[in-house]
1. Counting other C-beta atoms within 10 Å, which of B:V30, A:V60 has the fewest, and how do the rest follow?
2. Pick out which of B:I99, B:I144, B:I207 has the largest mean-square fluctuation in a Gaussian network model of chain B, springs linking Cα atoms closer than 10 Å.
3. Among B:A38, B:A251, B:A115, determine the one that fluctuates most according to a GNM of chain B built with springs between C-alpha atoms less than 10 Å apart.
4. Tell me, what HN-Hα J-couplings in whole Hz come from the Karplus equation 6.51 cos²θ - 1.76 cosθ + 1.60 at θ = phi - 60° for each residue of the stretch B:221-235, using x for Gly and Pro?
5. Normalised radius of gyration for the stretch A:1-67, please: alpha carbon Rg relative to 2.2 N^0.38 Å, two decimal places.
6. Hey, fewest Cβ within 10 Å first, where do B:E168, A:E263 land in order?
7. For the residues A:C110, B:C205, what sequence is obtained by ranking on other C-beta atoms within 10 Å, fewest first?
8. Provide the per-residue ³J(HN,Hα) series for the stretch A:194-203, in order, calculated from phi with Karplus coefficients 6.51, -1.76, 1.60 and θ = phi - 60°, each as a whole number of Hz, with x at glycine and proline positions.
Amino acid sequence: MTRQSRLLPRLLIAIAVLSTLVMVVAPLFYIFAAAFAQGWRAYVQNIMDPLTLHAIWLTVLVALIVVPLNIVFGVAAAWLIARFRFPGRSLLVTAIEIPFSISPIIAGICYLLLYGRQGFLGPWLEAHDIQILFALPGIVLVTLFVTSPFVAREVLPLMQAQGSEQEEAAVTLGASGWQIFRRVTLPNIRWALLYGAVLCTARAVGEFGGVSVVSGSIRGQTNTLPLHVELLFNDLNVAGAFAAASTLTLIAVVTLLLKAVLEGRAR
Amino acid sequence: MTDIAAPIRAKRVLPGFTLSLGTVLLYMTVIVLLPVLALILKGAEIGPARFWDIITSARTLAALRLTITAALIATAINAVYGLLMAWVLTRYEFPGRRILDALIDVPFALPTAVAGLSLTALFSGNGWFGQLLEPLGISVTYTIWGVALAMSFTSIPFVVRTVQPVLEDLDPAYEQAARTLGASEFTIFRRVVFPQILPAYLAGCTIALARSLGEFGAVVFIAGNLPFKTEIAALLAFIRLEEYDYQGAAAIALVLLFFALILLFVSNRLQARAMRFKER
């Protein structure tokens, strides 16, 4: 190799590493640096704040409801699209991806226009005393919207690539639908399913724009963790904001580690 | 061959068609279709004259201009950074390459509000980077540059992750042929490699642009949100909601939705083209 052709790769690698340090690593690292700036004790105190604890609990609760529902939807959608031919099938494939291209804040506005007081279902809901907005159901619904493609888009390509021979063989051997799913399909897709669920969890936990529209950010009631970060920041409680943010960052880091492990197994 | 024949047989053999169809249709209707329909119907209620008034009001126009300009700056940054990263990650072997590769996904995993919080602190006047930039007369927070920075952070993975697989699958024969014919490395990249990755590259940039136009969480922290100056369109729609001006919110949301769907369509077409390149 000539000297010049060795110089260029090194230069490009150096620029790539340096810009990633500035753009990605610094923001990630800074969250922990700021959260622990006043020491462990202050950090624990910030986390143990009752409102922060409530926000953590609410966020976990939302994820616990959203992720299982999305797993059911994702597997059903993948099974439907990968195993059957029917009119409107390709339209459905596109439709499933729609939430990815819609800004979460627009999703939130959509829900407000549907369930809000001036919305289409608002008067009916009010007459029947059903509270959807500014309460848990609204937060769950918007989070479902935002995260709905995650499981389906991981499981579907795998199911398509694997084909249906094994499941057909199970049918001819007299297996029931549930048996086929549990004994044949599920073992084949489990890593991709888990991978999709991990991504879905990370997104559900971090959802901000859509939830901020429908939750009303009532402290101690409908304030999820990302919304709580914003409230603390607006209160000029920067240390508290970073402490709350650090728990979300930890989830993100775990997500990336799991992703690295699962990606290898899913493919 | 069996792949093509299997699903047709499967329709009769495998169970669960009605169950999965019912689940998917119910879910899609309740979660996605009805809410989006509500927005469109609300938009239709407004009427064209009023709609036009809302969209062309000075504050809306300023917000849209800021959003689009900042999103274009963010996409330009990512177009350069993304291509460089995709190239470095696929073409060179060096220690830490896999870590660098994993780091690209950080913006996907990190909640946008957290990213916004961190970037704001880093680039404010007394932050790590703000300290360096302020003496040079560059202020990032509470300016359009902050908005663009937040947008570019959250859309970092898109260009890299669309270009990377195409670059990995390129047939090396063309580059080798060009090299034996005496082409310089730069000429090979410009005339041989770049045309092949162009559809995927443009698709990635389109998705990054769409994401930037709709970004909210990261931006509201760093922008300062001054009306007419650093107020993005998504935030203005949110403010209109809080003022109970549902028509105003719906109109702005519809404009953003319209942009998003057009960009989705463009990126789908580009990706279909990129796939064609891959098969050849």
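Coordinate-derived values only; no laboratory data. It should be emphasised that the depicted structure is a prediction, and the values quoted were computed from it without experimental measurement. Methodologically, a virtual Cβ is constructed for each residue, glycine included, from the backbone with ideal geometry; neighbour enumeration extends over all protein chains shown.
1. Ascending Cβ contact count within 10 Å gives the list B:V30, A:V60.
2. So, out of B:I99, B:I144, B:I207, the one fluctuating most is B:I99.
3. Evaluated over chain B, the most mobile residue of the options is B:A38.
4. Values, residue by residue: 6, 8, 7, x, 6, 7, x, 6, 10, 10, 9, 7, 4, 4, 5 Hz.
5. After normalising by residue count via 2.2 N^0.38 Å, the value is 1.96.
6. So the ranking, lowest neighbour count to highest, is B:E168, A:E263.
7. Fewest-to-most Cβ neighbours within 10 Å comes out as B:C205, A:C110.
8. Running phi through 6.51 cos²θ - 1.76 cosθ + 1.60 with θ = phi - 60° gives 5, 4, x, 5, 5, 4, 4, 4, 4, 5 Hz.
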